[in-house]
Amino acid sequence: MSRVTIAPEEDRLNAQIAFAIEIDKLKRIIRRNHLIDGSRRENTAEHSWYVGTLAMVLGEHAPPGTDLQRVVAMLLVHDLVEIDAGDTFIYDPVAVTAQEEAERAAADRIFGLLPADQATWMRELWDEFEERKTPEAKFAKALDRFAPILANHHTEGGTWPLFKVTAAQVRQKVRIIEEGSPSLGAYARELVDLSVARGHLSE
């Protein structure tokens, strides 16, 4: 009688551990935004943790009936593609144009490391976030856009003056926040206006 050296559950665990090792690389992806205390730039893993936590704290600003657990899960996986594709600066039109293809290829590879059922589940979360059609995805995207505005406002403009970003460009991103949460959108719009008044963001 032949002996099975690797049980199916061990294959599954090995795939899960391979994924766990791979996503640790997200900690080395440096974003353009600074921490709110201005001490250094944040990495993407920190950003994902931050917006996931914001989903729990600011959940009352989501549309009624929003599945906040799904929002948190979505935010934890939404930027894993940056391991391959890198961080795309949303105010760089050339980089944004190439972003979709690079990130989809990254999603295929990274989520494909998991056992099939988990790969399907996480890829569906990622696709839902990107498509921004459900209340959960709209709220998740709103938080993803809200966080850097909050950080830039509290670091005297942060990346805005550095990359010559205008108030009109930022207000375009505020519309995405408003789609997912009118109250957070209104707050973000006030931050933009205040940053302009303080000279930290140009019109």
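The values are calculated or read from the model by the stated rules, or taken from the named source; none is laboratory data. It should be emphasised that the depicted structure is a prediction, and the values quoted were computed from it without experimental measurement. When we count neighbours, we look across all protein chains shown, and the Cβ atoms used for this are built from the backbone with ideal geometry, even at glycine. Remember, those area values only see protein heavy atoms, side chains included, never the ligands or the DNA or RNA. Shrake-Rupley method; radii C 1.70, N 1.55, O 1.52, S 1.80 Å.
Quick check for me: using +1 on Lys/Arg Cβ and -1 on Asp/Glu Cβ, what's the dipole size of the chain about its Cα centre, in debye to the nearest 20?
For this selection, approximately 500 debye.
Just the accessible area per residue of the stretch 11-198, please: how many Å² with a 1.4 Å probe?
50
Return the sequence-ordered ³J(HN,Hα) values of the stretch 154-168 in whole Hz as given by the Karplus equation 6.51 cos²θ - 1.76 cosθ + 1.60 applied to θ = phi - 60°, using x for Gly and Pro.
My calculation for the stretch 154-168 gives 8, 10, 6, x, x, 6, 4, x, 4, 10, 6, 7, 9, 4, 4 Hz in order.
Can you pull a Stokes-Einstein diffusion coefficient for the stretch 132-203 at 20 °C (1.002 mPa s), Rh from Kirkwood over Cα pairs, as a whole number of µm²/s?
Answer from the Stokes-Einstein relation: 179 µm²/s.
What is the local net charge at Ala119, summed over the other residues whose Cβ is closer than 13 Å to its Cβ (Lys, Arg +1; Asp, Glu -1)? List each step's numbers first, then the result.
Working: positive: Arg12, Arg109, Arg123; negative: Glu22, Asp108, Asp117, Glu124, Asp127.
Residues close to Ala119 contribute a combined charge of -2.
Mind jotting down the distance between the C-alpha centroids of the stretch 63-131 and the stretch 139-156, whole Å?
18
Rounded to the nearest 0.05, what FRET efficiency do Gln169 and Asn14 have when you use their Cβ-Cβ distance and R0 = 41 Å?
0.35
Three principal axis extents, largest first, for the C-alpha atoms of the stretch 94-172, in Å?
Dimensions of the stretch 94-172 along the principal axes of its Cα atoms: 46, 27, 20 Å.
With the full set of protein chains in place, find how many percent of the accessible area of the stretch 55-203 is carbon and sulfur; take the probe as 1.4 Å.
54
In vacuo Debye scattering of the stretch 16-103, one point per C-alpha: log10 I(q)/I(0) at q = 0.16, 0.26 Å⁻¹?
-0.77, -1.24
Please work out the FRET efficiency for the pair Ala102 and Glu60, using the Cβ-Cβ distance as r and a Förster radius of 41 Å; give the result to the nearest 0.05.
Numbers: r = 36 Å, r/R0 = 0.87.
After rounding to 0.05, the efficiency reads 0.70.
Please list, by residue number, everything in the stretch 13-29 whose backbone N is under 19 Å from a paramagnetic label point 7 Å out along Cα→Cβ of Arg109.
15-29
Over all alpha-carbon pairs of the chain, lay out the pair-distance distribution in 10 Å bins, whole %, shortest bin first.
9, 32, 35, 16, 5, 2, 1, 0
Given the rule -39500 (n - 2.57) for each run of at least 4 DSSP H residues, summed and divided by the residues of the chain, what is its mean residue ellipticity at 222 nm, to the nearest 500 deg cm²/dmol?
-20500 deg cm²/dmol
So for the chain, taking the charge dipole from beta-carbon charges (+1 Lys/Arg, -1 Asp/Glu), which of Ile21, Thr155, Pro182 sits furthest toward the positive end?
About the Cα centre, the residue reaching furthest to the positive side is Thr155.
Give me the percent relative contact order of the chain, please, defined on Cα pairs under 8 angstrom at least 6 residues apart.
Computed over the chain, the figure is 22 percent.
R0 = 25 Å: FRET efficiency of Lys27 with Ala95, Cβ-based, nearest 0.05?
With R0 = 25 Å, the Cβ-Cβ based efficiency is 0.70.
With each label point set 7 Å from Cα along the Cα-Cβ vector, what nm distance links Leu194 and Thr134?
3.4
In sequence order, what are the phi-derived ³J(HN,Hα) couplings for the stretch 95-103 according to the Karplus relation 6.51 cos²θ - 1.76 cosθ + 1.60 with θ = phi - 60°, rounded to whole Hz, with x for glycine and proline?
5, 5, 4, 8, 5, 4, 4, 5, 6
Keeping to pairs on different chains or 8 or more places apart, tell me how many lysine pairs in the chain have Cα atoms under 28 Å apart.
Pairs that pass both the separation and distance tests number 14.
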